[in-house]
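Below is one structure; the comments refer to it alone.
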Protein chains: 2
Amino acid sequence: MSVIYDRVALIGLGLIASSMFWAIKRKGLAGEVTGYARSDATRQTARHIGLCDHVYDSAADAVAGADLVVLCVPVGVMGQVAAEIAPHLKQGATVTDVGSVKRDVIDSVGPHLPENVHFIPGHPLAGTEHSGPESGFAELFDQRWCLLVPVEGSDRAAVDRLCSFWEGIGSNVQEMEADHHDLVLAVTSHAPHLIAYTMVGVADDLSRVTDREVIKYSAAGFRDFTRIAASDPTMWRDVFLSNKDATLEILGRFTEELFALQRAIRTGDGDHLHEYFTRTRAIRRGIIEAGQDTDAPDFGRKKSGP
Amino acid sequence: MSVIYDRVALIGLGLIASSMFWAIKRKGLAGEVTGYARSDATRQTARHIGLCDHVYDSAADAVAGADLVVLCVPVGVMGQVAAEIAPHLKQGATVTDVGSVKRDVIDSVGPHLPENVHFIPGHPLAGTEHSGPESGFAELFDQRWCLLVPVEGSDRAAVDRLCSFWEGIGSNVQEMEADHHDLVLAVTSHAPHLIAYTMVGVADDLSRVTDREVIKYSAAGFRDFTRIAASDPTMWRDVFLSNKDATLEILGRFTEELFALQRAIRTGDGDHLHEYFTRTRAIRRGIIEAGQDTDAPDFGRKKSGP
């Protein structure tokens, strides 16, 4: 694949930015990739592992001359970073982000940017529970969706170019309206994360069962929750605070439904439970068919037997 | 490893029994393994794939002469199956089970069994979201815990023998008291499963977001939930109904905690959220250190980059 942007600047050097860097290099999507991180330790680590062609000590220097600037910082500081880089942006540059919430980012970043740059918010639906510059890998975005959320009056050519860039990184790209994005993500990601965090906290609080026992005997259910609940605390705090309305709406529906199932347990209504569990099974099948997960019966462990 | 029981009978031929069979064969732990399933179709499938040395058309025939009988049926029918096989059990045989709840199984199975057999309830902490005779594989129990819950007056030699059997299958074995087992499992498995089922059901109900969107954009959080929520509906209905008190207690604590986090979101209390999420991250580290899960940053995908 050929170069799509001569110069790409990654602002914030965590899991997403570092994975983007290795994916950009894999396909040669950029002539040069610059980087900046607020923390000195992160910048040192990035230089040490060869993350970015050049790591700058200021965001202003990193974005100077960049054709594409990618904001890879927690949602809560996007606005502040935008204000910092705005005077240094190249005319005609594209500014995008990778935040998990879009309406809040549009409201906080948009007003700072000059008229002569293209602001095209984005959100790659990919991640792991690990964070930091050393956690990235080139394949993170392969076959995953990247949602682009163009604001009113976005330049079509600039959007198409960013779309090609994410496709080069490995993603399938789709455009979506900001508020709808925030609702879809509240259902598929934000509420599930809060729920997982909660359950892991409850286990930790229970005095009659020791942490050691919880850890030792954590079967599939809880183990999956702990993986989710190990995600970056700062990133997730910002997600919940900036997608407040949608998250609270989904959580409201969730508790309503949970209470109905609790009542079914209490009253011994086995039919209600069985019917509910049968319905949820079908949704899983849909996900397998949509190619978003593997159906390997052994989760990748070596198989013997039939 | 040498033969531990001359004849083992597996009653119920789903994921657990089929995995046990392949694990028994892998190490030669039994002279002969017989099997029985209530459904004719399951028995046909079992014969077709070579599951069990002999599949019988009645539980009575399957257990005749068996030195170890393993009840691998949903918790809700354990008592009924025990009543059915009781008159046909060999003197001195050991009867165990693999149910996810122990107090209820003890109460429903125990009274049916004759004095001259050893009843030693058990619970291997292993599974996948798949069910049926074709879903099993020999490695399912490797390095997983198997909890044995001996009832009062259990014969020590019989318990030790069953322990060796499970170790041969690949498990680490630990003994635990029945009520404590049910509480620990309510925390680590039963409540998380109900929560996952609930969240998947909520997503399905939401009219403003289509099922297709939920499936297409299901990021890590939700995808893990759907995997959990795809587990066998009958098995789980029985688990919740038979571990009612502990499950409801944990769910009560869960909603209490969830409401506190919801309030923190509503009031914008970022410190509360950040503190909570930091604490849950530590629990995950404990699980990795206890060897119950992998810490691979790419979930096993091929890694490039640094």
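Centre-to-centre separation between the Cα atoms of the range B:200-222 and those of the range B:33-112: 39 Å. Dipole check for the range B:1-153: with +1 at the C-beta of Lys and Arg, -1 at the C-beta of Asp and Glu, and the Cα centre as origin, the magnitude is about 240 Debye. Sorted into 5 angstrom bins from 0, the C-alpha pair distances of the range A:216-284 split as 3, 12, 12, 16, 22, 18, 11, 5, 1 percent.
Amide H contacts under 5 Å for B:ARG7: B:GLY31, B:GLU32, B:ASP67, B:LEU68, restricted to partners 5 or more places along the chain or on a different chain, H placed in the peptide plane at 1.01 Å from N. Three principal axis extents of the protein assembly as shown based on alpha-carbon atoms, in descending order, are 88, 44, 40 Å. For the protein assembly as shown, the share of DSSP beta bridges that are antiparallel, to the nearest 5, is 10%.
If a spin label sat at a point 7 angstrom from the Cα of A:HIS274 along the line to its beta carbon, the backbone N atoms of the range B:132-163 nearer than 19 Å would be those of B:132-133. P(r) tail for the range A:17-129: Cα pairs beyond 25 Å make up 17% of the total.
To the nearest 20 debye, what charge dipole does the range B:67-178 have about its Cα centre, counting +1 at the Cβ of each Lys and Arg and -1 at the Cβ of each Asp and Glu? The dipole magnitude comes to about 100 debye. Between the beta carbons of B:ASP245 and B:SER2, assuming R0 = 51 Å, the FRET efficiency works out to 0.75 to the nearest 0.05. Checked against a 20 Å cut-off, the cross-linked pairs A:LYS102/B:LYS216; A:LYS216/B:LYS102; B:LYS25/B:LYS102; B:LYS102/B:LYS244 give Cα-Cα distances beyond that limit for B:LYS25/B:LYS102. Inter-label distance, B:ASN116 to B:ASP205: 5.6 nm, where each label sits 7 Å from its Cα along the C-beta direction. Between the residues B:GLN91, B:GLY153, B:TRP166, the greatest Cα displacement towards the positive end of the dipole of the range B:5-176, with unit charges on the Cβ of Lys, Arg, Asp and Glu, is found for B:TRP166.
Counting only Cα atoms, chain B measures 67, 43, 41 Å along its principal axes, largest extent leading. Given R0 = 35 Å, the distance between the Cβ atoms of A:ASP142 and B:ASN172 translates into a calculated FRET efficiency of 0.45. Antiparallel beta bridges, as assigned by DSSP with both residues in chain B, represent about 10 percent of the total such bridges. Ranking A:VAL109, B:PHE119, A:PHE240 by how far each Cα lies toward the positive end of the dipole of the protein assembly as shown (charges on Cβ) leaves B:PHE119 at the top.
Ordered by the number of other Cβ atoms lying within 10 Å of each residue's own Cβ, fewest first, B:ILE106, A:ILE215 fall into the sequence B:ILE106, A:ILE215. On the basis of the beta-carbon distance and an R0 of 60 Å, B:ARG263 and B:GLU152 show a calculated FRET efficiency of 0.80.
Read-outs: derived from the displayed coordinates by stated rules, not from any lab. Here the structure is a predicted model, which means the values were calculated and not measured. Counting neighbours? That spans all protein chains shown, and the Cβs are built from the backbone with ideal geometry, glycine included.
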